[in-house]
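Asker: One structure is given below, represented as structure tokens, and several questions about it will come after.
The values are calculated or read from the model by the stated rules, or taken from the named source; none is laboratory data. Note that the coordinates shown come from a computational prediction; the quantities given were computed from them, not determined experimentally. For neighbour counting, all protein chains shown are included, and Cβ atoms are generated from backbone atoms with ideal geometry for every residue, glycine included. Side chains included, ligands, DNA and RNA excluded: accessible areas come from the protein's heavy atoms. Shrake-Rupley method; radii C 1.70, N 1.55, O 1.52, S 1.80 Å.
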Amino acid sequence: MMKYGAILLALLASVGQAGASESKLTQWASKTTAKIVSGTKDVLTGVQQGVDTGRQTGASVDGAVVITNQNYHPYVDISVESATTKTGVYELTLVFKNKTDQIVRLTNLYQARNFYLLDNKGFSTALVVGGDTGDVTILKNSATKKTYRFSTQPLSGDVVALRLYETNIALP
């Protein structure tokens, strides 16, 4: 601890002479921090892209076709079976119908940009934390139902659309 204090004092003594030095230190600290934050974001984005690409191109244990974006249409039809509004919550039951003879898995639904509601005033709301946010696996030539809950607090108007992977799904 004393070692770090001594280093900090030496650093402050070497740059604490004039306002210009403080300005240079501030600029250096700002640029360095920006590079670290930017690099970290780039690494995390790269990791997520790598996971998505790996899941799509690699064979899954059960042989499922893995879908991470709006290219689900050849494989799955999605419809809304029911929509209800309760205090603070908009609840949707969706039907996922597999149109193929392969298992299909929809992933990354927990990411806000992939699955959200829109109201008629342009406001959006993502899935409620703790709701059913996992992957959706649909067996060969079959269907499955899932119920999702969205907070109505961020909304200002009437719900008009469910957006999944940048595609609107009609609401009843």
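Asker: Residue check, Leu94 against (1) open to solvent by less than 10 Å² (accessible area, probe 1.4 Å); (2) among the aliphatic types (A, V, I, L, M); (3) touching a Pro at 6+ places or on another chain (Cβ under 6 Å), all met but one. Which one?
Answerer: Result: Leu94 passes all but (3).
Asker: Go through (1) modelled with pLDDT of 85 or more; (2) open to solvent by less than 80 Å² (accessible area, probe 1.4 Å) and name the single condition Thr85 misses.
Answerer: So the condition that Thr85 fails would be (2).
Asker: What number of residues in region 131-146 are of a type outside the set (Gly, Ala, Ser) and modelled with pLDDT under 90?
Answerer: 3
Asker: Only residues that are over 13 Å from Leu92 (Cα atoms) and buried (at least 18 other Cβ atoms within 10 Å of the Cβ): list them for region 141-163, please.
Answerer: Selection gives Leu155 alone.
Asker: Moving on to the next point. Which residues, taken from region 69-126, are in contact with a helix residue (DSSP H, G or I) (Cβ under 7 Å, 6 or more places away or on another chain) and more than 15 Å from Thr137 (Cβ to Cβ)?
Answerer: Ala126
Asker: Does at least one position in region 100-110 carry a residue that is surrounded by 15 or more Cβ atoms within 10 Å (Cβ to Cβ), at positive phi, modelled with pLDDT under 90 and within 23 Å of the chain's Cα centre (by Cα)?
Answerer: Yes, the conditions are met somewhere in region 100-110.
Asker: If you don't mind, another one. Take region 118-172 and flag every residue that is free of Cβ contacts under 8 Å to residues at least 24 places away in the same chain and of a type in the set (Asp, Glu).
Answerer: Selection gives Asp132 alone.
Asker: Out of all the residues in region 62-82, which are more than 23 Å from the chain's Cα centre (by Cα), assigned to a strand (DSSP E or B) and not polar (S, T, N, Q)?
Answerer: Glu81
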